[in-house]
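The values are calculated or read from the model by the stated rules, or taken from the named source; none is laboratory data. Computed from a prediction, not measured in an experiment: that's the story for all the values here. Cβ placement follows ideal geometry from the backbone for every residue including glycine, while neighbour counts extend to all protein chains displayed. Just the protein is used for accessible areas: all its heavy atoms, side chains included, with ligands, DNA and RNA removed. Shrake-Rupley method; radii C 1.70, N 1.55, O 1.52, S 1.80 Å.
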Amino acid sequence: MYVKTMMRGLIFLMLCWASVVEATPKIQTWVLQNGARAYFVPTEGLPMLDVRVVFDAGSARDEARYGQAMMTSGLLDTGAGSWDADAIAQRLEGVGAHLGSGVTRDSAWVSLRTLTQEKLLATALDTAREVLTHPLFNQKDFDRERNNLLVALRQRDESPADLAALALFSALYGDHPYAHPKEGNPDTVEKLTRDDLLAFYQRYYTARNAIIVLVGDVSRQQAETVAGNLLGGLPSGEAAPPLPPVNAPAAANIVKKPFPSQQTHVLSGLPVLRVGDPDYFPLYVGNHILGGSGMVSRIFEEVREKRGLAYSASSYLYPFRVEGPFLMSLQTRNDQTDAALGVMMQTVREFIEKGPSEQELQDSRKNITGGFPLRIDSNQKLIEQVAAIAYYGLPLDYLDTFIGKVEAVTVADIKKAFKARIKPDALQTVLVGPGTEKPHEK
């Protein structure tokens, strides 16, 4: 069940940034008896509760069985306790609740959105608890899901954008657990068994490897009861071990992947940033200027607007538990690949050397801070923010201090951070397309 437009508007008004101190939600936290950590933000005005349970069970925990984290997550609601997938769906639909799940490289999550009316809430929570604590992993369901995933993996080979991302992460991360795609590869998925998924679930879906986040119109006492009921059936287990450090590439490299397309997809990047890194805000604000702000960014302006060399051009910053990537991306006509790549590389070099102008910095600050309330204008968005704070161990006042930290970034801060972290002579670049021109030398 999704929040309607009017409901979104009510929460937006409630959380509007007109009064930063009063509007920023306060996060309450406690530890369950079995070791799970709970985080709670009460809201008012809508009789709804959003819950997200996050496990350190992302694809970085796959080991050699690429794809097992995703398949484990995908099979949770195909059968649990005495219910099959249809029974689970009917129970949720009958009370207007929605259950979801997903996987990233760092984590796996299960979410529940439900009304807070007592009987409706009880049914939704009972259903979610069974999915979390007693999934069946039936062989028939496993076979179907694996076949569906294999079909999707074959379709992936037909997408130049997907192929470029696969090749770039391989180049960036080598033998690190971040290197492989979270959905796995055909050869690894083909070898997976039901027992692999069951063992993965038993190892990583445990209380000490989990957090639970609750956002909604309930009291602290109700939130504690909900958290205990949902996760009380999980074994305590153990937290997952730390991920290994990332060995960043020492020299630039260009990888060409032939593909019969009308345009060439270009990705270039480096692993640079952990969540919570002290350089995050200078890099975040700087990247917003460089390529993260759409049509007013430096890269877009230089590559597309001034020279018409690309259909799109941008840059991104993805902090992970250990070093996540800084990426630049463009798609261009095949015969313009060399020129477009050259301009993109020259633009980032100049930005690292000179930094942004004061006007660019002011505009970027206003854009970021002005859009901040939209990050928390619904329970669903708010729970994503709080879940990230909780999972990565960020300060509980992170939302309180976000605006101030953005506004405190200076041109000097950006130049220092980019020079320290973004090394053009070590960028890994992937070209996917039929072009044969020699890429611009970096």
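I need the calculated FRET efficiency for the pair residue 98 and residue 301, taking r as the beta carbon distance and R₀ as 30 Å, to the nearest 0.05.
Working: r = 41 Å, r/R0 = 1.37.
Taking R0 as 30 Å, the efficiency between residue 98 and residue 301 is 0.15.
Report the Cα centroid-to-centroid distance between region 39-69 and region 138-206 in angstrom, as an integer.
Here the answer is 19 Å between Cα centres.
Carbon and sulfur together cover what percent of the accessible area of the chain at a 1.4 Å probe radius?
Exposed carbon and sulfur together represent 51 percent of the surface.
Can you give the FRET efficiency to the nearest 0.05 for residue 85 and residue 358, using r as the Cβ-Cβ distance and R₀ = 45 Å?
The formula returns an efficiency of 0.20 here.
Using only alpha carbon pairs under 8 Å that are at least six residues apart, calculate the relative contact order of region 47-204 and give it in whole percent.
Working: 252 pairs, mean separation 55.6, N = 158.
Result for region 47-204 is 35 percent.
Which length gain, in nm to one decimal place, applies between residue 419 and residue 28 when the Cα-Cα distance is subtracted from 0.36 nm times their residue separation?
136.9 nm
Hey, what do the phi angles of region 398-412 turn into as Karplus ³J(HN,Hα) couplings, whole Hz, using 6.51/-1.76/1.60 and θ = phi - 60°, x for Gly and Pro?
Result, rounded to whole Hz: 4, 5, 5, 9, 4, 4, x, 6, 5, 5, 7, 5, 10, 4, 4.
Protein chains only, probe 1.4 Å: how do 345, 70 rank by accessible area, largest first?
Greatest to least solvent exposure: 70, 345.
If a/c stays under 1.5 just call it rounded; otherwise compare a/b with b/c (prolate if a/b is bigger, oblate if not). Do that for region 237-353, with a ≥ b ≥ c from the square roots of the Cα gyration tensor eigenvalues.
Details: a/c = 2.37, a/b = 1.59, b/c = 1.49.
Taking the square roots of the gyration eigenvalues as a ≥ b ≥ c, region 237-353 is prolate.
Would you mind checking which residues have amide H under 5 Å from residue 101's amide H? H placed 1.01 Å from N; only 5 or more apart, or other chain.
111
Divide by every residue of the chain the summed helix terms, -39500 (n - 2.57) for each DSSP H run of at least 4, and state the resulting mean residue ellipticity at 222 nm, rounded to the nearest 500 deg cm²/dmol.
-13000 deg cm²/dmol
Roughly how many debye, to the nearest 20, is the charge dipole of the chain about its Cα centre, given +1 on each Lys and Arg Cβ, -1 on each Asp and Glu Cβ, and no other charges?
With Lys and Arg at +1 and Asp and Glu at -1, about 480 debye.
Give the Kirkwood hydrodynamic radius (Å, one decimal) of the chain, defined as one over the mean of 1/r across all pairs of different Cα atoms. Don't skip to the end; give the middle numbers.
Working: mean 1/r = 0.0426 Å⁻¹.
Here the Kirkwood hydrodynamic radius works out to 23.5 Å.
Report the accessible area of residue 151, computed with a 1.4 Å probe over the heavy atoms of all protein chains in place, in Å² rounded to the nearest 10.
Looks like 70 Å² after rounding.
Output ³J(HN,Hα) for region 192-203: one whole-Hz value per residue in order, computed from phi by the Karplus curve 6.51 cos²θ - 1.76 cosθ + 1.60 with θ = phi - 60°, and x for Gly and Pro.
5, 10, 4, 5, 4, 5, 4, 5, 4, 4, 5, 7
Starting from 0.36 nm per residue, how many nanometres of slack lie between residue 221 and residue 144 once their C-alpha separation is accounted for?
Working: separation 77, 0.36 × 77 = 27.72 nm, distance 4.14 nm.
Difference between extended and current length: 23.6 nm.
Which value in nm describes the separation of the simple spin-label points at residue 408 and residue 117, placed 7 Å from the Cα toward the beta carbon?
The two pseudo-label positions are separated by 4.8 nm.
Compute the length gained on full extension between residue 198 and residue 369: take 0.36 nm times their separation in residues and subtract their Cα-Cα distance, giving the result in nm to one decimal.
57.1 nm
HN-Hα J couplings of region 37-53 from phi, Karplus 6.51/-1.76/1.60, θ = phi - 60°, integer Hz, Gly and Pro as x?
So the J values, rounded to whole Hz, are 9, 10, 9, 9, 10, x, 10, 10, x, 10, x, 9, 9, 10, 10, 9, 10.
Taking a ≥ b ≥ c as the square roots of the eigenvalues of the Cα gyration tensor of region 365-441, is the shape rounded (a/c under 1.5), prolate (a/b larger than b/c) or oblate?
Working: a/c = 2.50, a/b = 1.77, b/c = 1.42.
In terms of gyration-tensor shape, prolate.
Quote the FRET efficiency, to the nearest 0.05, computed for residue 229 versus residue 316 with a Förster distance R0 of 41 Å and r equal to the Cβ-Cβ distance.
On the way: r = 39 Å, r/R0 = 0.95.
The formula returns an efficiency of 0.55 here.
Can you pull out the trypsin sites (Lys or Arg not before Pro) in region 261-350 whose DSSP state is coil and whose Cβ has at most 10 other Cβ atoms within 10 Å?
Loop-located and lightly packed - 306.
Once you have a ≥ b ≥ c as the square roots of the Cα gyration tensor eigenvalues for region 117-270, tell me rounded if a/c is under 1.5, and otherwise prolate or oblate according to whether a/b is larger than b/c. Write down the numbers at each step before the final one.
Details: a/c = 2.20, a/b = 1.86, b/c = 1.18.
Prolate shape, in that a/c is at least 1.5 and a/b is the bigger ratio.
Where only protein heavy atoms count, and the probe is 1.4 Å, what is the accessible area per residue for the chain in Å²?
44 Å²
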